[in-house]
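The values are calculated or read from the model by the stated rules, or taken from the named source; none is laboratory data. Note that the coordinates shown come from a computational prediction; the quantities given were computed from them, not determined experimentally. FYI the Cβ positions are ideal-geometry reconstructions off the backbone, even for glycines, and counts take in every protein chain you see.
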């Protein structure tokens, strides 16, 4: 898909994958298995409960060395909030080199958190890249 987009549109070179709910689950799996496909990952309210939460047990040792990752969740119930925080904690551990941010949107629910979370993620990503000169 990226070659098709790049052949028809001007692109900057950076690539960002945004996923919410089941799309957040997919974005998490791509991050864990093929992190090099995207530069930035925005994972909002991921459905990590899928398959008994097994994806969280799979964090590869060499995951996420160069990527910027944003994990966000709204007020969505104990399971969704706990699993999303667990994802952030795993990614933010000393074993990983990922630059990870977390956003909690207690005033928003599953259907509302996406827009503000994406805005917050871009704000954090671009301020980091501007400081680093990228």
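Miscellaneous remarks
- Note on the stretch 56-68: among residues that are in contact (Cβ under 8 Å) with a residue 24 or more places away in the chain and not in a loop (DSSP other than H, G, I, E, B), the one that is surrounded by the fewest Cβ atoms within 10 Å (Cβ to Cβ) is 58.
- Taking the stretch 83-107 as the range and being at pLDDT 90 or above and surrounded by 14 or more Cβ atoms within 10 Å (Cβ to Cβ) as the test, the residues that pass are 83, 84, 85, 86, 87, 88, 100, 101, 102, 103, 104, 105.
- Here residue 37 clears all of (1) modelled with pLDDT under 95; (2) surrounded by 15 or more Cβ atoms within 10 Å (Cβ to Cβ); (3) in contact with a helix residue (DSSP H, G or I) (Cβ under 7 Å, 6 or more places away or on another chain); (4) under 16 Å from residue 16 (Cα atoms) except the condition numbered (2).
- Among residues of the stretch 11-55, those that are closer than 22 Å to residue 123 by Cα and part of a loop (DSSP other than H, G, I, E, B), counted: 10
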